[in-house]
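Structure first, commentary second.
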Amino acid sequence: MSKETQKANNQTSEAYDYLLKLLVETDNTERLSAIFDALMTEKEQTELANRLTIFGLLQQGVTQREISAKLGVGIATVSRGAKVFSQHQINELLPDISEGLKL
């Protein structure tokens with residue numbers, strides 16, 4: 001790995017760590033919303049919301065095809081979400097997400 005690549009990776013890691021710290025320290029919903037508006041496009045925000053909804057529906061035992069139809073997203077989108085759901089133990093990370101999202 002070149003020195004330039006390593007430096008870029010370190011800067012990315014520092015930026016990500018800064019963001020995590022900022023999010024943890026911010027307890028104002030309006031400010032958090034403004035941060036997300038500044039960081040992500042509307043499409044990216046929708047994709048994030050869909051990913052969370054996919055997790056919640058998977059927790060309820062809804063099939064991938066049903067989720068695809070309900071959200072109006074492709075089956076590949078749901079399959080990627082299902083893969084992450086199992087790889088990252090979402091049930092432990094985000095317990096009761098379906099209740100929080102009122103699904």
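Worth pointing out:
- Cα centroid of region 51-91 to Cα centroid of region 17-39, whole Å: 26 Å
- As an equivalent ellipsoid, region 41-103 spans semi-axes of 16, 13, 12 angstrom, where each value is the square root of five times an eigenvalue of the C-alpha gyration tensor, largest first.
- Helical runs (DSSP H, four residues minimum) scored at -39500 (n - 2.57) apiece and divided by the length of the chain put the mean residue ellipticity at 222 nm at -24000 deg cm²/dmol.
- In degrees, nearest ten, helix 75-87 long axis to first principal axis of the chain (Cα): 70 degrees
- Bridgeable aspartates and glutamates around Lys21 (alpha carbons under 14 Å apart, same-chain partners fewer than 8 residues away excluded) are absent.
Every number in this text was worked out from the coordinates using simple rules, so none of it is lab data. From a predicted model like this one, the values you see are computed outputs, not experimental measurements.
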